[in-house]
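So the structure is just underneath, and the comments pick up after that.
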Amino acid sequence: MDYPFARRMYKIPRSFVREILKVTEDPDVISFAGGLPNPLSFPVEEVKKATSKVLDEEGEQVLQYSTTEGYTPLREFIARRYSHQGLDVDIDDIMITNGSQQCLDLVGKIFLNPDDGVVMERPTYLAAIQAFGLSEPEFHSVPLLEDGVDTAALDKLLKTEDIKLFYAVTSFQNPTGITYSQKKRKEVADILKDHETILVEDNPYGDIRFMGEDIPPIKSQLPDSVLFGTFSKIVSPGMRMGWIVAPPEVMDKLITAKQASDLHSNYFTQRVVYQYLQDNDVDGHIQNIRKLYKSQRDQMVKSIKEFLPREVKHTEPEGGMFLWITLPEGMSSLKLFEYAMEEKVAFVPGDAFYTDNPEPNTLRLNFSNCCEEDIVEGMQRLGDAIKKMK
Ligand code: PMP
């Protein structure tokens, strides 16, 4: 049957990453394509204990419906962590969501009419293009430089176009691994103070810094902005627990949109996550994740230098899970993907991460989900694929 789908469904790309993940189901393929945390970091036993505890102690209550904003002690925990990072957040300004992905959906719903202007980084997070895409906005993009967005280009764009939202992943960005410097964060805050544009700051990787100094989110300089967080990278992505921080007027609308969407996030899981956080040393756990990812990242950087041609450029992220490769001008990473499949190694071609002006010679590598042996072997295979294509 020719289903009469809504117009918006034709405007969003299907997730290229999901399509690629299908190809990489072959167990012989070494995949750097997915964006998965390392399962070694999942606190299985601790979550088991926390689950039994909440069921034993308050079983009937934790299986009941709850409030849209989320479990208050969990929101208090989040607010407390922010205050240690130099960001004062009121508990009422925090709502628990189904991962930070739902924040994107809710923000799109409450702010965007068709054709509204949205500025994305170039390149940007693929699923943000999808989530906002459902609201049929007009996407604009600003290049990402080594230390964050090109602020001169951002300033120019905001002066010439009507822009409602600027979406930025300010630490260890997906897909590039790039982090905004303190200077850049101030420049962005100063520019946005002069405009009506709202900063939507997505920070899922902020805790996974394994080198350099922690830098507070731009929200600390721009209280009117919206900030997302998540337990996906520090506890478990499968539990789908994230949160949104927003000023009261925005929160009011977010609560309405969230009620319409799912009433509230899984209350039982909120209670389990909170119990886990209460009974365990989460900072120690995060330190272990940082150590694990740093050695995987170091191995990948080392293997890139060893096995990929010298003209290949790469970012050297100080945290997070991704690294960005720029092949020599004229090379296509989509074409390279075919050769890479023959060599049984996978990555995500850069095209997927652009709303406009894609750079066909770029690609994303994930380093958090592979053991170090596979990283060495995988980079060797990628080097072979590049040589064969040349
Ligand atoms: N934003 C960015 C930039 C991400 O990389 C991810 C995870 N891939 C998300 C949001 C969504 O994460 P989650 O919904 O698991 O919190």
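The values are calculated or read from the model by the stated rules, or taken from the named source; none is laboratory data. Keep in mind that what you see is a predicted model, and the values were worked out from it rather than measured. Heads up, the Cβs are rebuilt from the backbone with ideal geometry, glycines too, and the neighbour counts pull from every protein chain shown. Surface areas here come from the heavy atoms of the whole protein model, side chains and all, with no ligands, DNA or RNA. Shrake-Rupley method; radii C 1.70, N 1.55, O 1.52, S 1.80 Å.
Considering only residues of the range 213-236 that are part of a loop (DSSP other than H, G, I, E, B), touching a residue at least 60 places away in the same chain (Cβ under 8 Å) and in contact with a strand residue (DSSP E or B) (Cβ under 8 Å, 6 or more places away or on another chain), which is farthest from the ligand (Cβ to nearest atom)?
Pro217
Which residues, taken from the range 339-353, are open to solvent by less than 40 Å² (accessible area, probe 1.4 Å) and within 20 Å of Thr124 (Cβ to Cβ)?
Once the filter is applied, which keeps residues that are open to solvent by less than 40 Å² (accessible area, probe 1.4 Å) and within 20 Å of Thr124 (Cβ to Cβ), the range 339-353 yields Phe347, Val348, Pro349, Gly350, Ala352, Phe353.
Which residue pairs have Cβ atoms closer than 9 Å, lie 6 or more positions apart in sequence or on different chains, and pair a first residue in the range 91-114 that is without any contact (Cβ under 8 Å) to a residue 40 or more places away in the chain with a second residue that is within 14 Å of the ligand (Cβ to nearest atom) and not aliphatic (A, V, I, L, M)?
Filtered contacts from the range 91-114: Gly108/Phe132.
Collect the residues in the range 292-338 that are free of Cβ contacts under 8 Å to residues at least 60 places away in the same chain, open to solvent by less than 10 Å² (accessible area, probe 1.4 Å) and touching a strand residue (DSSP E or B) at 6+ places or on another chain (Cβ under 6 Å), keeping them in residue-number order.
Hits for the range 292-338 are Ile325, Ser333.
Looking at the range 48-59, which of its residues are buried (at least 19 other Cβ atoms within 10 Å of the Cβ) and farther than 29 Å from Ala260 by Cβ?
Filtering the range 48-59 down to residues buried (at least 19 other Cβ atoms within 10 Å of the Cβ) leaves 50, 54.
Listed by number, the list holds a single entry, Ala50.
Do we find a residue being assigned by TED's automatic domain parsing to the domain that holds Ala33, touching a residue at least 24 places away in the same chain (Cβ under 8 Å), charged (D, E, K, R) and open to solvent by less than 70 Å² (accessible area, probe 1.4 Å) anywhere in the range 356-370?
Within the range 356-370, one or more residues are assigned by TED's automatic domain parsing to the domain that holds Ala33, touching a residue at least 24 places away in the same chain (Cβ under 8 Å), charged (D, E, K, R) and open to solvent by less than 70 Å² (accessible area, probe 1.4 Å).
Evaluate the following for Ser31: is it open to solvent by less than 90 Å² (accessible area, probe 1.4 Å) and either under 20 Å from Ser135 (Cβ atoms) or not assigned by TED's automatic domain parsing to the domain that holds Ser368 (or both)?
Judged against the criteria, Ser31 is not a match.
Tally up the residues in the range 184-212 that are part of a loop (DSSP other than H, G, I, E, B), touching a Gly at 6+ places or on another chain (Cβ under 9 Å) and more than 16 Å from the ligand (Cβ to nearest atom), please.
Count: 4.
Of Val301, Val282, Val273, which residue is aliphatic (A, V, I, L, M) and over 19 Å from Ser236 (Cβ atoms)? Explain how you work it out, then say what you get.
Details: Val282 fails: over 19 Å from Ser236 (Cβ atoms); Val273 fails: over 19 Å from Ser236 (Cβ atoms).
Only one candidate passes the filter, namely Val301.
Go through the range 4-22 residue by residue and tally those that are open to solvent by less than 100 Å² (accessible area, probe 1.4 Å) and at pLDDT 75 or above.
Restricting attention to the range 4-22, the residues satisfying the condition of being open to solvent by less than 100 Å² (accessible area, probe 1.4 Å) are 6, 9, 12-13, 15-17, 19-21.
Narrowing further to those that are at pLDDT 75 or above: 6, 9.
The total comes to 2.
Within the bounds of the range 168-176, is there any residue that is of a type in the set (Ser, Thr, Tyr), touching an Asp or Glu at 6+ places or on another chain (Cβ under 7 Å) and closer than 13 Å to Tyr354 by Cα?
No, every residue in the range 168-176 fails to be of a type in the set (Ser, Thr, Tyr), touching an Asp or Glu at 6+ places or on another chain (Cβ under 7 Å) and closer than 13 Å to Tyr354 by Cα.
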